[in-house]
Structures are given as C-alpha cells and as structure tokens.
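Taken together, the values in this text are just the output of simple stated rules run on the coordinates, not laboratory data. Just so you know, these numbers come straight off a predicted model, no measurement behind them. Note: ideal-geometry Cβ built from the backbone for every residue, glycine included; neighbour counts use all protein chains shown.
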C-alpha cells in the first residue's frame, strides 16, 4: 500500500491508521480571550479526544503555561511528571 499524500504531494512516512483507543493527548488547554486560537477550539478538542481534560485560563494571551498562574502550572507539571490529572475540567485565573 502506498503512503498517503497531502495536497502538496508529500507522502506520509507511516500509512497505518492512528491508534485512537489510547489518546496521545490527554490534556487540552485554552485561554478564554486568545486571539490566535479561539477558546471554542480548545473546548471542541477536549470533547473530541476521549479521556481528555480541559484546563481553562481566564484572560488574554496565547498560552497559559508559564504565565504566572500556579493553577495552570501545577496541573501541567503534575501531568508531565506523573501522568495523572486529578480533575475533569479545571478553571484557572492568571
């Protein structure tokens, strides 16, 4: 079977279908007033990926991690170091 190609004709190195039974992403984050990526996209991503968790940061900007919100930073750090998330959805402030 030939590898699938994108619209520019580049072939994908792996023609297997992705394994969606175990999501690679389990944490979705969004900022309520992000001009680059609307918050609705983060909400949709969290719904689309089974077993994912949504971290919401109230405010402006394009990223929440590392922006002096201990709520966001602690949740992301815990996930990255232990693989655990002790919430379904988390709402944080800067």
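One table, with the values for the structure above:
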read-out: Peptide ranges 60-67, 49-56 listed from the most packed, as the mean C-beta count within 10 angstrom indicates; value: 49-56, 60-67
read-out: Global form of the stretch 27-92, assessed from the alpha-carbon gyration tensor, a/c cut-off 1.5; value: oblate
read-out: Stretch gain in nm, segment residue 62-residue 26, where the contour uses 0.36 nm per residue and the Cα spacing is subtracted; value: 11.0 nm
read-out: Ranked 87, 79, criterion: other C-beta atoms within 10 Å, fewest first; value: 87, 79
